[in-house]
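Note sheet for the following structure.
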Amino acid sequence: MMKQFALALCFLGLALPAAADSPSDAGLAEVRELGELNGQALACSHKQTAARIKVVMINYAPKTRRYGEAFEVSTNQSFLAQVKKSPAACQDEAVLASQAETLAARLQAAIPAAVPQ
């Protein structure tokens, strides 16, 4: 009986991380994508785009550790990946800025302003 309970607990533990984008995760994918763009912008010295992404995060993302960590991890991974490439691999700043604005709109739609943060 105890082995069955332990086995069921293990399976439950494996299943929980697989449950993606629950209602409490609203906007998390967009935050990660903004982090990716931020890492690229920082690595390519696109300061205005990086500053705009920061403003979007401050204004629209939930102020929680989970969202902040998701943004930071994505930023760091993207920055390191971009630095490993040649400088010619950098996207034009206008392209990154446009992608950031699209993500900002998606984030605003995913997390209504009325939701307490």
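How large is ³J(HN,Hα) for each residue in segment 53-70, as worked out from phi by the Karplus curve 6.51 cos²θ - 1.76 cosθ + 1.60 (θ = phi - 60°), to whole Hz, x for Gly and Pro?
These are the phi-based 3J(HN,Hα) values: 4, 4, 4, 4, 4, 5, 7, 10, 7, x, 8, 10, 4, 4, 6, x, 5, 4 Hz.
If the chain between E69 and Q108 were fully stretched, how many nm would it gain, using 0.36 nm times the residue separation less the Cα-Cα distance?
12.1 nm
Measuring from label point to label point, each 7 Å out along Cα→Cβ, what is the I58 to K85 span in nm?
2.8
Rule-based calculations on the coordinates, nothing more; no lab input. In this text the structure is predicted, and so the values were computed from the model without any measurement. When we count neighbours, we look across all protein chains shown, and the Cβ atoms used for this are built from the backbone with ideal geometry, even at glycine.
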